[in-house]
Amino acid sequence: MILLTLGVALFTLIHLYPCFAPAHRARLRERLGENRYKGLFSLVVFVAIGCIIAGWRMSSPMPLYFLPAWGPMLAMGSMPVALILLCAGQGANHFRRYLVHPQLIGALLWSGGHLAVNSEARSLVLFGGLGLWALISIVWISVRDWRQKPRPAATWQGTGISLGAGLAATALLIFWGHGWLTGIPLH
């Protein structure tokens, strides 16, 4: 459980770093250069994801609460929406234009849906931790950027790509990826 907690903490901190330390981030970016900074950021994210996956597989399920009867229905309904919104975080699409933070909202839906069907301590660490990160990021970025940036342009092509990618990711996870990543097949 320590490796899982470390991975979630590392993922959360590296993603909150630009929000809470923009001046330090700018200096580090200037010193390293844009590409090296992005490379370092990506490396730390990959290490965090590796720790999360390894920590999840190593930790034993320890139930903490009773699951609601409506949990599986909530998870099955929210996961496709969450994955579509996760895919809508980049590019010119209508989700990004009107929701402002579709990727973070998708992460919040993803974590909430998983907490409705997983009652173990490891689930609370993973999904609760990443859900909390998404919520803090939405609030912090919204307060920081309130009415300072114009809404991004949107095209129906970009919206269709986001929708298609999200649905493809959903199908991939249902039929193969979820079992491979977590050891818990969905079909």
Picked from segment 99-139 (must be free of Cβ contacts under 8 Å to residues at least 24 places away in the same chain and open to solvent by 30 Å² or more (accessible area, probe 1.4 Å)), the residue nearest to residue 60 (Cα to Cα) is 115
Residue among 167, 172 that is within 18 Å of residue 107 (Cα to Cα), out of contact with any strand residue (DSSP E or B) (no Cβ under 9 Å at 6 or more places or on another chain) and in contact (Cβ under 8 Å) with a residue 24 or more places away in the chain: 167
Test: residue 166 is part of a helix (DSSP H, G or I), in contact with a Cys (Cβ under 8 Å, 6 or more places away or on another chain) and open to solvent by less than 40 Å² (accessible area, probe 1.4 Å): yes
If we scan segment 13-24, do we find a residue that is over 22 Å from residue 139 (Cβ atoms), open to solvent by 70 Å² or more (accessible area, probe 1.4 Å), part of a helix (DSSP H, G or I) and among the aromatic types (Phe, Trp, Tyr)? no
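Determine whether residue 6 is open to solvent by 70 Å² or more (accessible area, probe 1.4 Å), modelled with pLDDT of 95 or more and assigned to a helix (DSSP H, G or I).
So residue 6 fits the description; yes.
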Looking at (1) open to solvent by less than 50 Å² (accessible area, probe 1.4 Å); (2) free of Cβ contacts under 8 Å to residues at least 24 places away in the same chain; (3) outside any helix (DSSP H, G or I), find the lone condition where residue 92 falls short. (2)
Return the pair list, or none, for Cβ contacts closer than 6 Å from residues in segment 48-62 that are closer than 18 Å to residue 15 by Cα to residues that are in a helix (DSSP H, G or I) and open to solvent by 20 Å² or more (accessible area, probe 1.4 Å), at least 6 apart or on different chains. 48/10; 48/11; 51/3; 51/6
Taking the condition in a helix (DSSP H, G or I), in contact with a His (Cβ under 8 Å, 6 or more places away or on another chain) and touching a residue at least 24 places away in the same chain (Cβ under 8 Å), does residue 75 pass? yes
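The values are calculated or read from the model by the stated rules, or taken from the named source; none is laboratory data. Not measured: the values here are computed from a predicted model. No Cβ is skipped: glycine too gets one built from the backbone with ideal geometry, and neighbour counts run over all protein chains shown. Accessible surface is based on the protein model in full, side chains and every heavy atom, while ligands, DNA and RNA are left aside. Shrake-Rupley method; radii C 1.70, N 1.55, O 1.52, S 1.80 Å.
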